[in-house]
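So the structure is just underneath, and the comments pick up after that.
Rule-based calculations on the coordinates, nothing more; no lab input. Not measured: the values here are computed from a predicted model. Don't worry about glycine lacking a Cβ; one is built from the backbone with ideal geometry, like all the others, and counts go over all protein chains shown.
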Amino acid sequence: MATLRALIVSFDSGTWIATVRLDGSPAQTVDVPTNRAIAAADMTAGSRAIVDTGDHNHPADAVVTAVWT
C-alpha cells in the first residue's frame, strides 16, 4: 500500500471528491475520494494531503486520508 504526498487543487463537498496534484507531477491532476472524517473546511486549495493508493496501486482505489496546511 503506497502513500503519496499531494497538493489539493480543488474539492467538491457535494461528491466528496478532491482534485489533487501528486508531488512530482507538476501538470497532471487526479480526482480521488476523500475520507469523510476530514472536515470539508480543511479541504482548501493549496493544502497538503496524503493519498493512500490502496492495495493494488490502482488510481480508482486511491483516497485522501489526511490533510494539513
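Annotations for the structure displayed:
- For the range 58-69, Karplus couplings with θ = phi - 60° (6.51, -1.76, 1.60), whole Hz, Gly/Pro x: 9, x, 5, 8, 6, 8, 6, 10, 8, 8, 8, 9
- Ranked Trp68, Trp16, criterion: other C-beta atoms within 10 Å, fewest first: Trp68, Trp16
- Value of relative contact order over the chain, rounded to a whole percent, pairs C-alpha under 8 Å and six or more apart: 36
- With Cα atoms as the point set, the radius of gyration and Dmax of the chain evaluate to 10.7, 30 Å.
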